[in-house]
Amino acid sequence: MDIRVFDTPEETAAALARRVARALADKPSLVLALPTGRTPVATYAELRRLHAAGEADFARATTFNLDEFAGIPPSHPGSFRTFMERHLFQGINLTLSRIQFLDGAAPDLDAECERYEAAIEAAGGIDLLLAGIGANGHIGFNEPADALAARTHRVRLADSTRRDNAPLFGGDVSAVPGEALSMGMRTILEAGAIVLIATGARKARCVERAVRGPVSTHVPASFLQLHRHVELYLDRAAATAL
Ligand code: GLP
């Protein structure tokens, strides 16, 4: 793993945004996979800034988000789709038909997961996958468990994950859906390159377990150790346990 440590969360975000802009310059038809959460917000702001400055062109790129809540429509204020519109999509020049998203309100959620896998394949696979990490070691919504699903699937959310996501639902944990759809570990590990971003002391322990611990379904992010090309973008606080 290629570990990069920056002094502040802002520097981490700026470096990651430049990394994405470089990848777009090298391959304008880049297929990106994108995370939600508080961590990538600064990176998305920086990507919007780079785009406005003419330094990041998304016109031919395709994006797939890692996950989405089940049981709410894309237009719901708490959905990851709404989050992405607000923090990234509205400020860049992605082509609408090349924004791919899981639909948590699809009538048949298993069929929706299969549709997503087929769409990733039809796009030629994911070139660059950005991921955050849950404090419990989850990646996407692959929660710690005795077994992990390989492909895009339905998942029951851990209580801690629902608490972490409550800010998207006005702080009301009971309003956070109990289920979500997520790319599976195999879907994630098939990406050409993976960049994990983590900032803040709260992530130090799970980053250490993901990077140095045994590969375990109880720390889904530890599966990244099996991939040839993983970069970690960390601030000092998130790197303290390494
Ligand atoms: C959610 C997302 C994850 C993300 C995690 C971390 O649970 N599904 O993909 O990595 O949040 O969020 P934060 O960056 O807010 O700590």
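Suppose all protein chains stay in the model; what accessible area per residue would a 1.4 Å probe give for the chain, in Å²?
On the way: 10280 Å² over 242 residues.
On a per-residue basis, 42 Å².
For the chain, what's the relative contact order in percent, using C-alpha pairs closer than 8 Å and at least 6 residues apart?
Dividing the mean separation by the residue count of the chain yields 25 percent.
Taking the Cα centroid of the stretch 66-114 and of the stretch 129-200, what is the distance between the two, rounded to the nearest whole Å?
Cα centres, the stretch 66-114 to the stretch 129-200: 15 Å.
Can you give the helix-only mean residue ellipticity at 222 nm for the chain, where every DSSP H stretch with n ≥ 4 adds -39500 (n - 2.57) and the sum goes over all residues, rounded to the nearest 500 deg cm²/dmol?
Value at 222 nm, helices only, nearest 500: -9000 deg cm²/dmol.
Sort the stretch 28-67 into rounded, prolate or oblate with this rule: let a ≥ b ≥ c be the square roots of the eigenvalues of the Cα gyration tensor; rounded if a/c is under 1.5, and if a/c is not under 1.5, prolate when a/b is larger than b/c, oblate otherwise.
Oblate, because a/c is 1.5 or more while a/b does not exceed b/c.
At 1.4 Å probe size, with the rest of the protein present, what percent of the exposed accessible area of the chain is carbon and sulfur atoms?
For the chain, the apolar C and S fraction of the accessible surface comes to 50 percent.
Kirkwood hydrodynamic radius (Cα pairs, Å) of the chain?
17.8
For the stretch 132-169, list residues with backbone N below 11 Å from a point placed 7 Å from the Cα of residue 241 toward its Cβ?
From the stretch 132-169, the list is 135-137.
Roughly how many nanometres apart are two label points built 7 Å out from the Cα toward the Cβ at residue 5 and residue 212?
Placing both labels 7 Å beyond Cα along the Cβ direction yields 1.0 nm.
Add +1 for every Lys or Arg and -1 for every Asp or Glu among the other residues with Cβ under 12 Å from the Cβ of residue 190, and state the total.
Result for the neighbourhood of residue 190: 0.
Please give me the summed charge of the neighbours of residue 213: other residues whose Cβ is under 15 Å from its Cβ, Lys and Arg +1, Asp and Glu -1.
+3
What translational diffusion coefficient, in µm²/s and rounded to a whole number, does the Stokes-Einstein relation yield for the stretch 140-181 at 10 °C and a viscosity of 1.306 mPa s, taking the hydrodynamic radius as the Kirkwood radius over Cα pairs?
145
Taking a ≥ b ≥ c as the square roots of the eigenvalues of the Cα gyration tensor of the stretch 103-242, is the shape rounded (a/c under 1.5), prolate (a/b larger than b/c) or oblate?
Details: a/c = 1.83, a/b = 1.15, b/c = 1.59.
Oblate.
The values are calculated or read from the model by the stated rules, or taken from the named source; none is laboratory data. All of these numbers come straight from a predicted model, not from anything done at the bench. FYI the Cβ positions are ideal-geometry reconstructions off the backbone, even for glycines, and counts take in every protein chain you see. Areas reflect the complete protein model, heavy atoms only, side chains present, ligands, DNA and RNA absent. Shrake-Rupley method; radii C 1.70, N 1.55, O 1.52, S 1.80 Å.
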